Amino acid sequence: MVISPTTLFTGQQLIWLPACASTNSEAQQLLRENRASEGCTVITDDQFAGRGQRGNQWLAAPGENLTLSIIWLPTFLEASQQFLLSQAVALGIYDWAELLLGASPMLRLKWPNDLYFGTQKLGGILIENSLSGAKIQSSIVGIGLNVNQRHFTLPTATSLGALTGRYFQREELAARLLECLEKRYLQLRAGRLRELRQSYLAALYRYQEWHDYEVAGRRVRGQIVGVEPDGRLALRIGDEVQHFGLQEVKHV
């Protein structure tokens, strides 16, 4: 796979693997062996043991989607600011999808960082950070995006091809994705945090709407009113705003 992104460093060192268990695991190995420069990107046609949020497995049909991991070195971030990186990455894939699908109220980011079209998932992110004291030392940004796959085991999944009826050249899409991601990463590195936060809330799935959620095994009616700097979801339940981590609340 030949990819030529117009970037400063993201994707300039590119490692393509016909198949691997996990691009995040491959990227971790490169870091351990000091063989990765910042922006090093590992991409594969067939990831057969990908990891997702909540310990789930990420399943993707071989040769039809984008499955990759990027190594960044956000040493400018405190360990307590990990969600800022998550926001920037989520916005990068949102910008990329908007280029392909156009601006649409159906295109949304589901907290914390899944890409949705309507109620169906287009892609997901798994970021694994290594810390050094109070700072982030390195980050491996794993991304899976459904591109040309048409048949899914879950009815809650979709792809660019399924939505548009088109077949996409993945090399071109990968280059545009790396460009969108680096643009948001540089925005983060420049400290433009207010812009990132405003953009994230503007794209947030169910933001300021009333919906059902599952909290501590019971169904509640709630309204997303924000996301805390540490990544916790701010949910209004009745007259009270409560804050929840990833494992503490589920969309229903």
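The values are calculated or read from the model by the stated rules, or taken from the named source; none is laboratory data. Please read all numbers here as calculations on a predicted model, not as lab measurements. Positions of Cβ are backbone-derived with ideal geometry, glycine not excepted, and every protein chain shown enters the neighbour counts. SASA here: full protein model, heavy atoms, side chains in, ligands and nucleic acids out. Shrake-Rupley method; radii C 1.70, N 1.55, O 1.52, S 1.80 Å.
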_Search result, residues across the stretch 114-173 that are assigned to a helix (DSSP H, G or I), touching a Lys or Arg at 6+ places or on another chain (Cβ under 8 Å) and closer than 23 Å to residue 70 by Cβ_ = 160
_Subset of the stretch 187-217 (residues that are in contact (Cβ under 8 Å) with a residue 40 or more places away in the chain and hydrophobic (A, V, I, L, M, F, W, C))_ = 188, 193, 196, 203, 204
*Restricting attention to the stretch 95-108, does a residue exist that is under 10 Å from the mean Cα position of the chain (by Cα) and open to solvent by 10 Å² or more (accessible area, probe 1.4 Å)?*
no
*Give me the pairs: first residue in the stretch 26-42 and in contact (Cβ under 8 Å) with a residue 40 or more places away in the chain, second residue open to solvent by 70 Å² or more (accessible area, probe 1.4 Å) and in a loop (DSSP other than H, G, I, E, B), beta-carbon distance under 9 Å, and six or more apart or on different chains, which are they?*
39/8; 39/12; 41/12
*Out of 4, 25, 37, 80, which single residue is among the small types (Gly, Ala, Ser), open to solvent by 40 Å² or more (accessible area, probe 1.4 Å), assigned to a helix (DSSP H, G or I) and farther than 24 Å from residue 232 by Cβ?*
25
*Of the numbered conditions (1) at pLDDT 95 or above; (2) in contact with a Ser or Thr (Cβ under 9 Å, 6 or more places away or on another chain), residue 112 fails exactly one; give the number of that condition.*
(1)
_Checking the conditions here, which among 226, 222, 231 is closer than 16 Å to residue 82 by Cα, at pLDDT 95 or above and among the small types (Gly, Ala, Ser)?_
231
_So if I check each of 151, 251, which one is of a type outside the set (Phe, Trp, Tyr), out of contact with any Ser or Thr (no Cβ under 9 Å at 6 or more places or on another chain) and within 30 Å of residue 14 (Cβ to Cβ)?_
151
*Among the residues of the stretch 1-28, write down those that are modelled with pLDDT under 95, within 16 Å of residue 180 (Cβ to Cβ) and in contact with a Phe, Trp or Tyr (Cβ under 9 Å, 6 or more places away or on another chain).*
3
*asked:* For the stretch 177-195, give me each residue that is over 20 Å from residue 38 (Cβ atoms) and either open to solvent by less than 20 Å² (accessible area, probe 1.4 Å) or not acidic (Asp, Glu) (or both).
replied: 193, 194
*Filtering the stretch 124-159 down to residues that are touching a helix residue (DSSP H, G or I) at 6+ places or on another chain (Cβ under 6 Å), farther than 20 Å from residue 82 by Cα and of a type outside the set (D, E, K, R), which residue is least open to solvent (accessible area, probe 1.4 Å)?*
147
